[in-house]
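First up is the structure itself, then whatever we jot down about it.
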Amino acid sequence: MMSNSHLKPGFLAAMLHRLSGIALAVFLPMHFIALGTALGGAKSLDSFLALTHSTFVRLAEWGLVTALAVHMALGLRVLAIEWLSVRERSAVVVSSCVAASAAIGILFLLNGM
């Protein structure tokens, strides 16, 4: 049985921050592959970029942008806790960070349509 400590906003924020960081770390090798194809010339880069028009890749891009927004927002939360001693209303702050990240992800989706 899980204790209530796992349901606290601070714990959830820490887990989301870590998971979004892992998602960004998984993305890096793919990014380096894309950059490496650019070194092969315009033709190889164009063939690689043609793959990015699939639905799966577009959804992955949305996930990446959302993960980046989550990681940044929750990282700013950590900085505020460390530098400004902001510990009150943790649930409101975590919810605001997640809502702002979701809004960025939705804007990204809407821009791509």
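The values are calculated or read from the model by the stated rules, or taken from the named source; none is laboratory data. Quick caveat, the model's predicted, so the values are computed rather than measured. When we count neighbours, we look across all protein chains shown, and the Cβ atoms used for this are built from the backbone with ideal geometry, even at glycine.
Kindly evaluate ARG58 against the criterion of being surrounded by 13 or more Cβ atoms within 10 Å (Cβ to Cβ), of a type in the set (D, E, K, R) and touching a His at 6+ places or on another chain (Cβ under 9 Å). Step through it out loud before you land on a result.
On the way: surrounded by 13 or more Cβ atoms within 10 Å (Cβ to Cβ): yes; of a type in the set (D, E, K, R): yes; touching a His at 6+ places or on another chain (Cβ under 9 Å): no.
Criteria not met by ARG58.
Among the candidates SER90, SER96, SER85, which residue alone is surrounded by fewer than 18 Cβ atoms within 10 Å (Cβ to Cβ) and at positive phi? Please lay out each step first, then the result.
On the way: SER90 fails: at positive phi; SER96 fails: at positive phi.
Answer to the selection: SER85.
Applying a threshold of 9 Å to beta carbon distances and a minimum spacing of six or more residues, or different chains, the list of pairs starting in segment 4-15 at a residue that is at positive phi and ending at one that is at pLDDT 85 or above and exposed (fewer than 15 other Cβ atoms within 10 Å of the Cβ) is empty. Could you tell me whether ALA103 is among the aliphatic types (A, V, I, L, M), surrounded by 13 or more Cβ atoms within 10 Å (Cβ to Cβ) and under 15 Å from the mean Cα position of the chain (by Cα)? Taking the combined requirement at face value, the residue does not satisfy it. Report whether or not GLY40 is surrounded by 10 or more Cβ atoms within 10 Å (Cβ to Cβ) and either over 24 Å from MET72 (Cβ atoms) or modelled with pLDDT under 85 (or both). Here the answer is yes, as GLY40 does meet what is asked. For GLY40, the conditions (1) closer than 27 Å to ALA99 by Cα; (2) more than 20 Å from the chain's Cα centre (by Cα) all hold with the exception of (1). Restricting to segment 24-59, what's the tally of residues that are of a type in the set (A, V, I, L, M) and in contact with a Ser or Thr (Cβ under 9 Å, 6 or more places away or on another chain)? Looking only at that region, the number is 4.
Within segment 47-99, can you find the residues that are out of contact with any Pro (no Cβ under 6 Å at 6 or more places or on another chain) and β-branched (Val, Ile, Thr)? Walk me through it before giving the result.
We begin by selecting, within segment 47-99, every residue out of contact with any Pro (no Cβ under 6 Å at 6 or more places or on another chain); these are 47-89, 92-93, 95-99.
Result: THR52, THR55, VAL57, VAL65, THR66, VAL70, VAL78, ILE81, VAL86, VAL92, VAL93, VAL98.
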